[in-house]
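This report refers to the structure that appears directly beneath it.
The values are calculated or read from the model by the stated rules, or taken from the named source; none is laboratory data. A quick note: this is a predicted structure, and the numbers were derived from the prediction, not measured. Don't worry about glycine lacking a Cβ; one is built from the backbone with ideal geometry, like all the others, and counts go over all protein chains shown. When the accessible area is computed, the model is the full protein with side chains, heavy atoms only, and any ligands, DNA or RNA have been set aside. Shrake-Rupley method; radii C 1.70, N 1.55, O 1.52, S 1.80 Å.
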Amino acid sequence: MGSSQGSTLSSNVAGLVDGSSARKEISYLDSMPVYVKELIAGGAAGAFAKTAVAPLERIKILLQTRTGGFHSLGVFQSLKKLLKHEGVKGFYKGNGASVIRIVPYAALHFMAYEQYRCLILNNYYALGSGPLIDLLAGAAAGGTAVLCTYPLDLARTKLAYQVVDSYGMKSNHAQPAYNGLRDVLRSVYKEGGMRALYRGVGPTLTGILPYAGLKFYIYEELKRHVPEEHQKSIVMRLSCGALAGLFGQTFTYPLDVVRRQMQVENLQPSVHGNVRYRNTLEGLTVIVHNQGWRQLFAGLSINYMKIVPSVAIGFTAYDMMKFWLQIPPRSKTRAISAA
């Protein structure tokens, strides 16, 4: 018995010495393509960040779409009213659809950005390797991610737009009540097919192309002015990312308002005129004429409030996932992709 225990112990020690179990895990991660690791890391980071700011996202949508009882309230009063009538669950209405959308969206966005950047660097030498590459790659990645996940964003908006009857709103028409993500997608498709599922994608693309491009451009441009000894600082990355998000969002926010109103226009009460926007420019013009130019920035303050923690959590989670998945540094990733 002693000999068997001794042999078992010796084999365990040998396994620890040669690191066979550790090598199995490392070899498994090493065999995984870099783009798959980027998909996993980006998706996880997006889910964590989106859930953390879900209450602010719900309020922003209610303010953007001029939901009765909310458009005249501030951020904190809206949060209190939502908590009173719907409880804590009300903060997360539509968050399930939001997370289901953001996981593939964030995953595709990060991965596509790296792939597009590598493609441009390897094939369009005249463009150089400066921030212009980040602008182009970021814009292309944002458009790709939007086209692949837009129906989920449409469903998220319709779910978040719904409010319970206890608010005392008076409506001259019956609003459709959705019971979840699948019900929204099924109902919208039944009403207008694939075209209905992509209602509002025009202003979305018009907004995401410059926003995604500017976000990466500003982020990389800011990092260029950071001393070398602080380049790997998490605080530095979070600060640059937050500033990039703030500037990019401010420039493109009116397009986001048009998108939201187009997504819920069939749910709008008749007091809003029930206007259907044919395109982005018409939406901007009608909103300014009927609702005032301030409506183009409705919910922007809350967007500022949510974008800083969202970027912070997103970057932190992404860095943790990259470390756990052993994703090589960015320069090495490009070299591996090119190889």
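Any chance the range 122-134 includes a residue that's in contact with a Gly (Cβ under 9 Å, 6 or more places away or on another chain), at negative phi and at pLDDT 80 or above?
yes
Given the residues Leu29, Leu16, which is the only one that is within 30 Å of the chain's Cα centre (by Cα), surrounded by 10 or more Cβ atoms within 10 Å (Cβ to Cβ) and at pLDDT below 80? Before you say what the answer is, go through the steps one by one.
Numbers: Leu16 fails: within 30 Å of the chain's Cα centre (by Cα).
Step by step, each of Leu29, Leu16 is checked, and only Leu29 is within 30 Å of the chain's Cα centre (by Cα), surrounded by 10 or more Cβ atoms within 10 Å (Cβ to Cβ) and at pLDDT below 80.
Show the residue pairs meeting these rules: Cβ distance below 9 Å; 6+ apart or different chains; first residue within the range 313-329 and on the phi > 0 side of the Ramachandran plot; second residue surrounded by 16 or more Cβ atoms within 10 Å (Cβ to Cβ).
Gln326/Lys37
Restricting attention to the range 287-321, which residues are open to solvent by less than 60 Å² (accessible area, probe 1.4 Å) and of a type outside the set (A, V, I, L, M, F, W, C)?
Result: Gln291, Gly292, Gln295, Gly299, Asn303, Lys306, Pro309, Ser310, Gly314, Thr316, Tyr318, Asp319.
It is to be established whether one or more residues within the range 229-239 are of a type outside the set (Ser, Thr, Tyr), buried (at least 17 other Cβ atoms within 10 Å of the Cβ) and in contact (Cβ under 8 Å) with a residue 12 or more places away in the chain.
Yes - at least one qualifying residue is present in the range 229-239.
Tell me which residues, restricted to the range 107-134, are hydrophobic (A, V, I, L, M, F, W, C), touching a Leu at 6+ places or on another chain (Cβ under 9 Å) and surrounded by 17 or more Cβ atoms within 10 Å (Cβ to Cβ).
Taking the range 107-134 as the starting set, the residues that turn out to be hydrophobic (A, V, I, L, M, F, W, C) are 107-108, 110-112, 118-121, 126-127, 132-133.
With the extra rule that they be touching a Leu at 6+ places or on another chain (Cβ under 9 Å), the set shrinks to 107-108, 110-111, 120-121, 127, 133.
Answer for the range 107-134, where residues must be hydrophobic (A, V, I, L, M, F, W, C), touching a Leu at 6+ places or on another chain (Cβ under 9 Å) and surrounded by 17 or more Cβ atoms within 10 Å (Cβ to Cβ): Ala107, Leu108, Phe110, Met111, Ile120, Leu121, Ile133.
Taking the range 193-226, which residues are open to solvent by less than 60 Å² (accessible area, probe 1.4 Å), without any contact (Cβ under 8 Å) to a residue 60 or more places away in the chain and either assigned to a loop (DSSP other than H, G, I, E, B) or within 13 Å of Gly142 (Cα to Cα) (or both)?
Scanning the range 193-226 gives Val201, Thr204, Gly207, Val226.
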